[in-house]
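Read through the structure below, which is laid out as structure tokens, and then see the notes.
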Amino acid sequence: MAAATTMCAAVAVLLVLTSTMAAAAGDGDGDGDGGGFDYKKALHSGLLYFEAQRSGHLPYNQRVRWRGHSGLADGLQQGVDLVGGYYDAGDNVKFGLPMAFTMTMLSWAAAEFWDEIAAAGERRHVLEAIKWGTDYLVKAHTAADELWAEVGDGDTDHYCWQRPEDMTTSRQAYKVDRDNPGSDVAGETAAALAAASIVFRRSNPRYSRLLLRHAEQLFDFGDRYRGKYDSSIGEVRAYYASVSGYGDELLWAALWLHRATGRRGYLDYAVAMADELGGVGWAVTEFSWDVKYAGLQILAAKVLMDGGDHPAAHAATLEQYRSKAEQYLCACLGKNAAAGDNVNRTAGGMLFVRRWNNMQYVTNAAFLLTVYSRYLRDSGGDTIRCSGGAMATGDELAAMARAQADYVLGDNPAGVSYMVGYGRRFPRRVHHRGASMVSHRADGRFVGCVQGYDRWFRRGGANPNVVAGAIVGGPDHRDRFRDSRDNYMQTEACTYNTAPMVGVFAHLHAQKMAARTANNNADRSMIKRVD
């Protein structure tokens, strides 16, 4: 009898070991070698990246130690305080439109995946990342009908290669107002502050109300004085021109304000203006800092899916919104009837929209796919309808989102992680001024405008500082990537590349932990049965 008991115990141990090894092989913490990915580490790095992009007077708890104070006189020429905020990419300009979009996406991620972010231990860091941006956006809104939309000049900035701590380039600031409208940047800033107000509602209700008040004023300003901001600020056209116009931003802002306030007037606006502003007319194959239609269509679809308090007369328009939202999601899956209605995909499986910073479209798509799969589940649905009649399931959406996230982290033909600092192989020559030069803490000597190009930009070695968590532009349509500082189309990283992945990585980490717990419980159950 004792021998039989010993044999059973040995079998039980073997079963546990086999299960553990299988789990490790199928969903471990590898870095692109087929062993799964450490999504918690990716989430941590992504939030760390925003500290590397900070402008202004850095706080005592700054974790990215190779950065220092910068832009401390921003706004001084104009008699306003524009210190703070984020540099959008590898340069030293503060562009209001992409910065606001970054804050909208970070806030959406926090609002949607709050429990998952908290469980991963990143609650404080995500709040700090959002507040660093929203504090600046509030400052930039200096009057009800006035918003500062840019600090610095792209032309002079690109002429120099300097650390932000040393920059001698123009810090001219540019604004939109009644006479020089900018409905797109005003609308996006309103959306960002409305979304952030949801995030801070519990932890900082006073701040939440402040954000909401500014959001409402900015929406009114953008809607009342309509115009494209790049018509008012010519300096931005070569960098962040509003190609899609301002219709998407106004609808986007209205839907975020509806979600933040519950006020029917904002939903009435989104329904009444759906045709005029393109909300139900545009079926798109990208979602980005410029083109918001897919995102706002998903927000409108959620109102319908929630089955909440909306007039019956709104149902038909909300259904149109949902149809367009699902056409975008089907485009990512390649399931729409017409090939031109789908997103191209590389041989390695990456969604490919265009060669310049393509990774922004990948990460934003991954976020929308993840969010909509959750909305489907929560509403009791399981399928979406593609153009031409094909169907797709929520599981397919989630699987595509994960495939794109894994591609970013290293599951690609090149075996490269396009998130800097993650894994064994990642870009070492990122097109980033601060990262490419020795830290001012290590060498406080001033780096001149052209000196930076001569001494640092053209050197062949790896950057002295690792801008961890930055997601670079990524490979081309053939999955090819050249790690070179002058290859800015592929090696420059942007805040709006990483922002949506905060939610995706938090979600994937939570799923991984749930699966691990389920496997452990199954193992324990098997041991009991064997005994």
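The values are calculated or read from the model by the stated rules, or taken from the named source; none is laboratory data. Everything quoted here is computed from the prediction, not taken from an experiment. Don't worry about glycine lacking a Cβ; one is built from the backbone with ideal geometry, like all the others, and counts go over all protein chains shown. Heavy atoms of the whole protein, side chains included, go into the accessibility calculation; ligands, DNA and RNA do not. Shrake-Rupley method; radii C 1.70, N 1.55, O 1.52, S 1.80 Å.
Details
- Based on the reciprocal of the average 1/r between different C-alpha atoms, the Kirkwood radius for the stretch 206-362 equals 16.9 Å.
- One compactness figure for the stretch 165-221 is 1.44, namely its Cα radius of gyration divided by 2.2 N^0.38 Å.
- Prolate/oblate/rounded call for the stretch 343-425, Cα gyration tensor, a/c under 1.5 rounded: prolate
- THR393-ASN521 pseudo-label distance in nm [points 7 Å out on the Cα-to-Cβ vector]: 2.1
- Probe 1.4 Å, accessible area per residue of the chain, Å²: 39
- Radius ratio Rg over Rh of the stretch 39-198, counting only Cα atoms, Kirkwood formula for Rh: 0.97
- Taking the Cα centre of the stretch 39-518 as origin and assigning +1 to Lys and Arg Cβ atoms and -1 to Asp and Glu Cβ atoms, the resulting dipole is close to 1700 debye.
- Computed from label points 7 Å out along Cα-Cβ, the spacing between ASP306 and TRP356 is 3.7 nm.
- Anchor LYS94: lysines whose Cα lies under 19 Å away (excluding residues fewer than 8 positions away in-chain): LYS131, LYS139, LYS175, LYS228
- The relative contact order of the chain, computed from alpha carbon pairs under 8 Å that lie at least 6 residues apart in sequence, is 19 percent.
- Amide H contacts under 5 Å for GLU492: HIS431, GLY473, restricted to partners 5 or more places along the chain or on a different chain, H placed in the peptide plane at 1.01 Å from N.
- Shape call, the stretch 405-445: gyration tensor on alpha carbons, a/c limit 1.5: prolate
- Spin-label pair ASP454-ARG226: with each label point 7 Å from Cα along the Cα-Cβ axis, the two points sit 5.3 nm from one another.
- Note on LYS324: aspartates and glutamates with a C-alpha under 15 Å away, same-chain residues under 8 apart excluded, are ASP248, ASP275, GLU286, ASP341.
- Among ASN463, SER417, VAL438 the positive-end extreme of the charge dipole of the stretch 389-504 (Cβ point charges): VAL438
- Between the residues GLN451, ALA315, GLY278, the greatest Cα displacement towards the positive end of the dipole of the chain, with unit charges on the Cβ of Lys, Arg, Asp and Glu, is found for GLN451.
- Computed in the context of the full set of protein chains, the accessible area of the chain at 1.4 Å probe radius has 52% of its extent on carbon or sulfur.
- Cα shape, the stretch 191-238, gyration tensor, a/c 1.5 rule: prolate
- Computed over the chain, the percent of Cα pairs more than 39 Å apart is 25.
- Packing order of peptides 135-142, 505-512, 222-229, highest average first: 505-512, 135-142, 222-229 (average count of other Cβ atoms within 10 Å over each peptide's residues).
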